[in-house]
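Colleague: A single structure is presented below for examination.
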Amino acid sequence: MNEKFLKPYNPAETEPRIYEKWLESGFFNPDNLPGKRTTPFTIIMPPPNANGSLHAGHALFITIQDIMIRYRRMRGDKALWVPGADHAGFETQVVYEKKLEKEGRSRFGMDPKQLYKEIYDFTIENKKIMEDQVKTLGASCDWSREKFTLDPEVVSEVQKTFVKMHDDNLIYRGKRTINWCPKHQTSLSDVETENVEEKTPFFYFKYGPFTIGTVRPETKFGDKYVVMHPNDKRYAKYKHGDTLEVEWINGKITATVIKDEAVDMEFGSGVMTITPWHSQIDFEIATRHNLDMEQIIDWRGKLLPIAGEFAGVNIKDARPKIVEKLKAKGLLEKVDENYTNVVKRCYKCNTSIEPQIKDQWFVKMKPLAEKALEAVEKKEVVFIPNNYEKIFRYWMENTLDWNISRQIVWGIQIPAWFKNRGSESEKIKISLQSPGEGFEQDPDTFDTWFSSGQWPLLALNYPSGADFKTFYPTDVMETGHDLIFKWVPRMVIFGLYLAKKAPFRTVYLHGLVNDAKGKKMSKSKGNVINPLDLTEKYGTDALRIGLVVGNTPGTSLALSEDKIRAYKNFANKLWNIARFVLENTEGVNIKDGFPERNEHDEKLRLERRSILEDVTKDMEEYRFYLAAEKLYHYTWHTFADKILEESKTVFADGSDEAKVRRKQFLLHTLDALLKALHPFMPFVTEEIWQVMYKGEKMLMVEKWPVGGHIE
RNA sequence: GGGCGCUUAGCUCAGUUGGUAGAGCAAUCGCUUUACACGCGAAAGGUCGGGGGUUCGAGCCCCUCAGCGCCCACCA
């Protein structure tokens, strides 16, 4: 008997060795797979942040995707799983800025090219840590095809897309309200901001004959438009366009009456003044009526000269001073202290977002979104679970034009060129190369979703690569359900726009991984579970199957250590099952087959077959959580508890023929279970397989046990 | 304010097309049974959130009420 079996299963010793063996085999690369394989099966891995460690969510998606890939590979497909690493734009730049700060440096004033290079080197160096963690989790992805989101060919292809979209009249430059982080000196997308509820005083001020309500008196210096609802009877005597002199913060100003339906008659006094430069809604009102807009707060968050005596004051300090002054002038009517409103904050530094107006590049979303909707309607893209289709549609039916400009260095620079920027004679040209003397490239970079939206194409070397021809469109996009609007629609849009085909047929969405009590993991709560710690303690196989069993797509999962421990026991159980079977079948060759079966054996065989067929159906229909549980159950409570126990009697008292028959049955069942369990628990199954077949073949490329392969 | 989802054993969750409920952990009792104490055997535990309806039959379909969670949103 193999000496290994004398001890409990030891994942720590086994796993790295097995992974190395798989790597050496070259079978992660579909070009090397044995046999004739014509059907491709492709998954593009959502690239983890090159700079970060994997968290529990990564462990879950790597497990699910690896299950799909291993299963399809065993079914005989040309299975390709392309790994990647994400530069994670703003995220990484913030990390690097902190590093610079520690060194007493700052990105402001640094040569952008130098800064880019430093972050690049830093990221590439760290990338290996992330990759090693992916390997630890058993991912059978093709490392020879790994892509980084800032690889030179990726950068140039993304820039080409921008040029193409511009040529197709899908890009425009415009002044819009953006979310400006005064600390990071960049605009942020809505998803990079956090809405925080705050209790804040709500002030009522006299503004000529009106009373206006506001939470931000410090922005109100230039407010010369007073807005009310056209149907508000209280103010019926004031007509749209009327002007009147009012006493205001720094003296008299001329106010103009504006009637607009955006005003809520029920709220406050039903009258407000507007600050179009620093408020989205005010900007929209001002745009509708073609009103003047003036900047009050500079990019650093300080008041501009329009504030008179308050010029240069930081916006955070300005409020009490201005309220004091208005109070002194007798303009403060009352203060409501129990008011709560929602403030946007930078998700990285918690700084209050200052809405600002800035020239940015925009993508016209409507024509693109319509195509995406159409593809979903035609079922060219399907969602698991299905209800996410509704969310996708809602998102695509309500698109706003997409601001793709970011004022950070760490990203793909926008291929737009300026001559005499900001002056009357400003010229803008869109091209990959400098259009000539005197032109300077826009220092802004693309929103990270602009490039990651093209990832399925880029990862397959669109447009001319051989992989693109073979593997596009891909089969499954497996990602977190929170990306149903951030990422998935953009991929569909770019796939349809560039390749005329949706980039994947199936979108499989997993839920959040929460702590054992179902609470969201967060550093501040201290309940973060590091998947690599669990791997170390219980083995990767235990973590993987523990993450999968009972975890339905789309719903979040409570990750408890108890559960992982239970599946570690299962790995060991399987180990001992193998030990029993192999010990008791020495000298019997599985290839010799069965003597004639009796009724009882036939019953056992049919039961086994039915379980495996059932499991196969579940695999085909993406019910991994059921497949895993059924296999677990059959293995432990039927094969071990009943069949193995019964075999002891057969081996003690049975006829020679009965013994041989039983031995064959045990070997065939073990063989089939190892195969069926392999996608879920690749390490322990491969290890046993190596012992069982003395290293002659590899489980990873064996045929799935249903469809005539068993017996 | 909109949208989505959840409510099943003490805890965390499954339950695929409607046929009177399952898993893991925890808790109880008994086992040094030669594959495994990371184990074995046994027993226990649920009027499937409340109410109503459809049906021969509902955890599953429909209506309604209650509680919880998540996402989106410019009420100054």
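The values are calculated or read from the model by the stated rules, or taken from the named source; none is laboratory data. The structure displayed is predicted, hence computed values, not measured ones. Cβ coordinates were reconstructed from backbone atoms using ideal geometry, including for glycine residues, and neighbour counts include every protein chain displayed. Calculation scope for accessible area: heavy atoms of the full protein, side chains included, ligands and nucleic acids excluded. Shrake-Rupley method; radii C 1.70, N 1.55, O 1.52, S 1.80 Å.
Colleague: What is the diffusion coefficient of the range A:89-159 in µm²/s, taking the Kirkwood radius over Cα pairs and the Stokes-Einstein relation at 10 °C with a viscosity of 1.306 mPa s?
Modeller: Calculated translational D: 112 µm²/s.
Colleague: Right, something else. For the range A:300-414, what is the largest minus smallest coordinate of the Cα atoms on each principal axis, given in angstrom and ordered from greatest to least?
Modeller: Computed over the Cα atoms, the extents are 66, 39, 25 Å.
Colleague: Turning to a different aspect of this structure: Considering the options A:184, A:138, A:170, tell which one lies farthest towards the positive end of the dipole of the range A:123-185, charges being +1 on Lys and Arg and -1 on Asp and Glu at the Cβ, about the Cα centre.
Modeller: Ranked along the dipole, the leading option is A:184.
Colleague: What is the ratio of the Cα radius of gyration of the range A:426-474 to 2.2 N^0.38 Å, with N the residue count, to two decimals?
Modeller: 1.63
Colleague: Rg and Dmax of the range A:3-67, using alpha carbons, in Å: what are they?
Modeller: 16.0, 43
Colleague: So which GluC sites (Glu not before Pro) in the range A:584-622 end up in coil per DSSP with only 11 or fewer other C-beta atoms within 10 Å?
Modeller: A:586, A:596, A:621
Colleague: Rounded to the nearest 20 debye, what is the charge dipole size of chain A about its Cα centre when +1 sits on each Lys and Arg Cβ and -1 on each Asp and Glu Cβ?
Modeller: For chain A, the charge dipole is close to 740 debye.
Colleague: Further, regarding this structure: Roughly how much of residue A:162 is accessible, in Å² to the nearest 10, using a 1.4 Å probe?
Modeller: Per-residue accessible area (residue A:162): approximately 0 Å².
Colleague: According to the Cα gyration tensor, what semi-axes, each the square root of 5 times an eigenvalue, does the equivalent ellipsoid of the range A:113-223 have, listed from largest to smallest in whole Å?
Modeller: 46, 23, 14
Colleague: Still on this structure, I have one more. Counting other C-beta atoms within 10 Å, and keeping those with at most 11, which DSSP coil GluC sites (Glu not before Pro) do you find in the range A:406-441?
Modeller: A:424, A:426, A:437
Colleague: To continue, here is another question. Binning at 10 angstrom from zero up to the longest distance, how are the C-alpha pair distances of the range A:570-711 distributed in percent?
Modeller: Taking every Cα pair in the range A:570-711, the percentages come to 11, 45, 36, 8, 0.
Colleague: List the residues whose amide H sits under 5 Å from the amide H of residue A:510, counting only those 5 or more places along or on another chain, with H placed 1.01 Å from N in the peptide plane.
Modeller: Result for residue A:510 returns A:479, A:480, A:481, A:554.
Colleague: Here's something else I'd like to know. How many times 2.2 N^0.38 Å is the alpha carbon radius of gyration of the range A:621-664?
Modeller: Against the compact-globule rule of thumb, the ratio is 1.57.
Colleague: So, one more: Evaluate the Debye formula for the range A:175-308 with equal point scatterers sitting on the alpha carbons, no solvent, and hand back log10 of I(q)/I(0) at q = 0.18, 0.20 Å⁻¹, in q order, two decimals.
Modeller: -1.11, -1.32
Colleague: If you keep only loop residues by DSSP, which trypsin sites (Lys or Arg not before Pro) in the range A:266-321 have at most 15 other Cβ atoms within 10 Å of their Cβ?
Modeller: Those that pass, being in a loop and sparsely packed, are A:300.
Colleague: Compute the whole-percent fraction of alpha carbon pairs in the range A:392-493 spaced more than 20 Å apart.
Modeller: That tail contains 56 percent of the Cα-Cα pairs.
Colleague: Continuing with this model, one more query. Using bins 20 angstrom wide from zero, how does P(r) for chain A break down, in % of all Cα pairs?
Modeller: Whole-percent P(r) values from 0 Å outward: 15, 39, 28, 13, 4, 0.
Colleague: Here is a follow-up. Can you run phi through the Karplus equation (6.51, -1.76, 1.60; θ = phi - 60°) for the range A:208-225 and list ³J(HN,Hα) in whole Hz, with x for Gly and Pro?
Modeller: x, x, 9, 10, 10, x, 7, 9, 10, x, 5, 9, 9, 3, x, 5, 10, 10
Colleague: In whole Å, what three semi-axes, largest first, describe the equivalent ellipsoid of the range A:638-687 built from its Cα gyration tensor (square root of 5 times each eigenvalue)?
Modeller: Ellipsoid semi-axes (Å, largest first): 26, 11, 7.
Colleague: Sticking with this one: Ignoring ligands, DNA and RNA, how do A:299, A:248 rank by accessible area with a 1.4 Å probe, largest first?
Modeller: Output order, biggest surface exposure first: A:299, A:248.
Colleague: Here's a follow-up. Rounded to two decimals, what is Rg over Rh for the range A:127-189 when you use alpha-carbon atoms and the Kirkwood radius?
Modeller: Answer for the range A:127-189: 1.16.
Colleague: Using the C-alpha gyration tensor of the range A:284-357, what are the square roots of 5 times its eigenvalues, in whole angstrom, with the largest one first?
Modeller: Semi-axes (√(5λ), whole Å): 22, 19, 17.
Colleague: In whole Hz and in residue order, list the ³J(HN,Hα) couplings for the range A:242-248 that follow from phi through the Karplus curve 6.51 cos²θ - 1.76 cosθ + 1.60, θ = phi - 60°; x for Gly and Pro.
Modeller: 4, 10, 8, 7, 10, 7, 9
Colleague: Let me ask something else. Out of every Cα pair in the range A:517-619, what percent are spaced more than 17 Å from each other?
Modeller: In whole percent, the long-distance tail amounts to 71.
Colleague: Which entries in the list A:316/A:517; A:519/A:642; A:233/A:358; A:113/A:366; A:259/A:334; A:21/A:379 go over 30 Å, if you measure between the two C-alpha atoms of each?
Modeller: A:316/A:517; A:519/A:642; A:233/A:358; A:113/A:366; A:21/A:379
Colleague: Summarise the accessible area of chain A (1.4 Å probe, protein heavy atoms) by the percent that is carbon and sulfur.
Modeller: 49 percent
Colleague: Hey, can you find the accessible area per residue of chain A for me, probe 1.4 Å, expressed in square angstrom?
Modeller: Dividing the accessible area of chain A by its residue count gives 44 Å².
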